[in-house]
1. Is the stretch 114-121 home to any residue that is in a helix (DSSP H, G or I), modelled with pLDDT of 95 or more and open to solvent by 10 Å² or more (accessible area, probe 1.4 Å)?
2. Any idea how many residues of the stretch 172-194 are part of a helix (DSSP H, G or I), over 12 Å from Ala146 (Cα atoms) and open to solvent by 70 Å² or more (accessible area, probe 1.4 Å)?
3. Would you call Arg229 at pLDDT 85 or above, open to solvent by 40 Å² or more (accessible area, probe 1.4 Å) and not polar (S, T, N, Q)?
4. Could you list, ordered by first residue, the pairs with Cβ atoms under 8 Å in which the first is in the stretch 85-107 and at positive phi and the second is open to solvent by 10 Å² or more (accessible area, probe 1.4 Å), at least 6 apart or interchain?
5. Kindly indicate whether any position in the stretch 67-83 is open to solvent by less than 40 Å² (accessible area, probe 1.4 Å), of a type in the set (Ser, Thr, Tyr) and within 17 Å of the chain's Cα centre (by Cα).
6. Tell me which residues, restricted to the stretch 122-143, are surrounded by fewer than 18 Cβ atoms within 10 Å (Cβ to Cβ), of a type outside the set (Asp, Glu) and more than 22 Å from Asp172 (Cβ to Cβ).
Amino acid sequence: MKILALDTATKSCSAALWRDGKVVAQRFRLMERGQAEGLAPMVAEVIGEAGEDIPGLDFIAVTIGPGAFTGLRIGLAAAGGYALVAGLPVLGATTLETVAAGVDREEPDGRPLLVALDSKRADIYVQVFSPLLEATGRPQAVMAGALNAMLGGGPVLVAGDAAGVAVRALRDAGLNAEPSAAPGLPDARYLCTIAARRAAESPPEPGAPPPRPLYLRLPDAKPAGKGARLRP
């Protein structure tokens, strides 16, 4: 199985190629902006290092959110473009589950995992996973002060680039919360793991509808009202 995985949804840009059960080439860069210019060269490097070409792959995987509105569109558009040219299907996974996939399976040690990602607003993007790193709740955008209501009273492990905010809020509420040692941002190499597992259970089919972006709230930009003029 050969998979090209892409992520541009948050504060980084990454690409990875999976072949026969492992990642054989990968690139990752912290990147608040510029993913549109940075992704294509990164993909070319990964493909070249692996000695592959896109038409020879089985499918493309891409993160669908939650994340930055523009970043999500960049990744989804790139995945759709590569897939269209090569006649490949596209599989989507959330940024939250991609971060969870980067957590060492031994680290939870019986505790649930909370993944918390920065939304660049007052709230944070979160999802709860079991000690086996399986999703037990849906992705949500919540205020940090409401996190304790999602978790009950037990100890919890917290991953993601908003882990510091989440850990402080949970400790203030009396919960035993500890930050994870895992990377705080989605990485395409962990997306490969998710995509390979899902494809083994249900192979994606060419011609299937492309994945849709996951937005937990409306974008900041809004259409102008009736009679409004565009500024020069």
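1. no
2. Residues that pass the stated criteria total 1.
3. In short, no.
4. Here the result reads Gly87/Pro55; Gly87/Pro206, each pair linking the stretch 85-107 to a residue that is open to solvent by 10 Å² or more (accessible area, probe 1.4 Å).
5. Scanning the stretch 67-83 turns up no residue that is open to solvent by less than 40 Å² (accessible area, probe 1.4 Å), of a type in the set (Ser, Thr, Tyr) and within 17 Å of the chain's Cα centre (by Cα).
6. Residues satisfying the conditions are Ser130, Pro131, Leu132, Ala135, Thr136, Arg138.
The values are calculated or read from the model by the stated rules, or taken from the named source; none is laboratory data. None of these values were measured; they are calculated from a predicted model. Neighbour counts are summed over all protein chains in view; Cβ atoms, including those assigned to glycine, are modelled from backbone coordinates with ideal geometry. When the accessible area is computed, the model is the full protein with side chains, heavy atoms only, and any ligands, DNA or RNA have been set aside. Shrake-Rupley method; radii C 1.70, N 1.55, O 1.52, S 1.80 Å.
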